[in-house]
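Where a number appears in this text, it was derived from the coordinates with a stated rule and is not lab data. For clarity, every value in this text was computed on a predicted model and none was experimentally measured. When we count neighbours, we look across all protein chains shown, and the Cβ atoms used for this are built from the backbone with ideal geometry, even at glycine.
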Amino acid sequence: MWLQVLSWVDAYRGKPPSSSEEIAWLRVVPVVALHFIALIGLFIFDVTLTDAAVAVGLYLIRMFAITGFYHRYFAHKTFKTGRVNQFFWAAVAASSAQRGPLWWAAHHRDHHRHTETPADPHSSKKGFWWSHMGWILCDKHFATRTSQIRDFAKFPELVWLDRFDIAAPVFLAIMTFLLGVLLETFYPNLGTNGLQLLFWGFLISTLILLHVTLSINSLAHRWGERTFETNDSSRNSLWLALLTLGEGWHNNHHYYCGSTRQGFGRWQIDISYYLLRMMSALGLIWDVREPPAHAVKNKA
Ligand SMILES: [Zn+2]
Ligand SMILES: [Zn+2]
């Protein structure tokens, strides 16, 4: 039964990519349904300290996986790591329901290559709504642009994660539900249960994570300060940097995207970079790249 479903998914994925930028209603329905459930659930489910802690914890670890690995590693190759670590963090990031590592990084490479031109998948010139969500709700950007990510498409485990990109989020959803059931059974005074933890720990955490990540494509191209004269409207914002663990220094990043570190100034807080530095000290990653001296000087 499941294999049958997977083969349908395969057949669907294999269809030639359409170039339509029309909003595809088949893609919109599940997204709207999840937001609707989230809204209704706010009135149904209690929230305890345990629910909030799991939600915040899963937000932070997955945000780090998205910024540290989907972005700074897979899209920009700003440091190196081993095959196991690469897969582990790709799987954590994939549980954010932001598609697979190859899809994510390939589209992002096109964003840098063609920033704010018609070939930019989420050009902010097409308006806030398009750059935030419209671009992922049309057929044109559904398929993985394998030609842009050949360097990582040679790893079968990453191709698998990318093809069955629903697997990691579903696995995490089941785990949060089971954790809630266990807590209800063994620590009933915590006041949570399976559905309640599934709602807060997975659904709410994942939706906030999604919108904050997407805000780098939408808000960070229109809101904040410009330190560098780049050929685009990218901006630096402390608020976005705090929420995204460092991605808010988006003007810095468009100026020099080859650096692991995105907060060039001493006080430009970049938590993902600090965490990656720690991983580098532990030998888990290496060849971490710094911004060029003139960029840091300009910032300081
Ligand atoms: Zn950008
Ligand atoms: Zn980038």
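Observations on the model:
- Here is the figure for the stretch 60-114: residues that are in contact with an Asp or Glu (Cβ under 6 Å, 6 or more places away or on another chain) and within 16 Å of ligand 1 (Cβ to nearest atom) total 3.
- Unique match (being within 16 Å of ligand 1 (Cβ to nearest atom), closer than 27 Å to residue 81 by Cβ and among the small types (Gly, Ala, Ser)) among 280, 233, 237, 259: 259
- If the condition is being outside any strand (DSSP E or B), over 17 Å from the mean Cα position of the chain (by Cα) and not small (Gly, Ala, Ser), then the stretch 79-94 contributes 79, 83, 84, 85.
- Residue within the stretch 185-199 that is of a type outside the set (A, V, I, L, M, F, W, C), assigned to a helix (DSSP H, G or I), buried (at least 21 other Cβ atoms within 10 Å of the Cβ) and within 17 Å of the chain's Cα centre (by Cα) present: no
- Listed by first and then second residue, the pairs with beta-carbon distance under 7 Å, at least 6 apart or on different chains, first residue in the stretch 101-130 and closer than 15 Å to residue 257 by Cα and in a helix (DSSP H, G or I), second of a type in the set (A, V, I, L, M, F, W, C) and within 12 Å of ligand 2 (Cβ to nearest atom), are 105/74; 105/75; 108/75; 109/75; 112/257.
- Some residue of the stretch 259-279 being within 23 Å of residue 223 (Cβ to Cβ), polar (S, T, N, Q), within 15 Å of ligand 2 (Cβ to nearest atom) and assigned to a loop (DSSP other than H, G, I, E, B): yes
- Residues of the stretch 75-97 include none that is buried (at least 20 other Cβ atoms within 10 Å of the Cβ), within 13 Å of ligand 2 (Cβ to nearest atom), of a type outside the set (Gly, Ala, Ser) and without any contact (Cβ under 8 Å) to a residue 12 or more places away in the chain.
- For residue 157, the stated conditions do not hold, so it cannot be described as over 14 Å from the mean Cα position of the chain (by Cα), surrounded by fewer than 21 Cβ atoms within 10 Å (Cβ to Cβ) and assigned to a loop (DSSP other than H, G, I, E, B).
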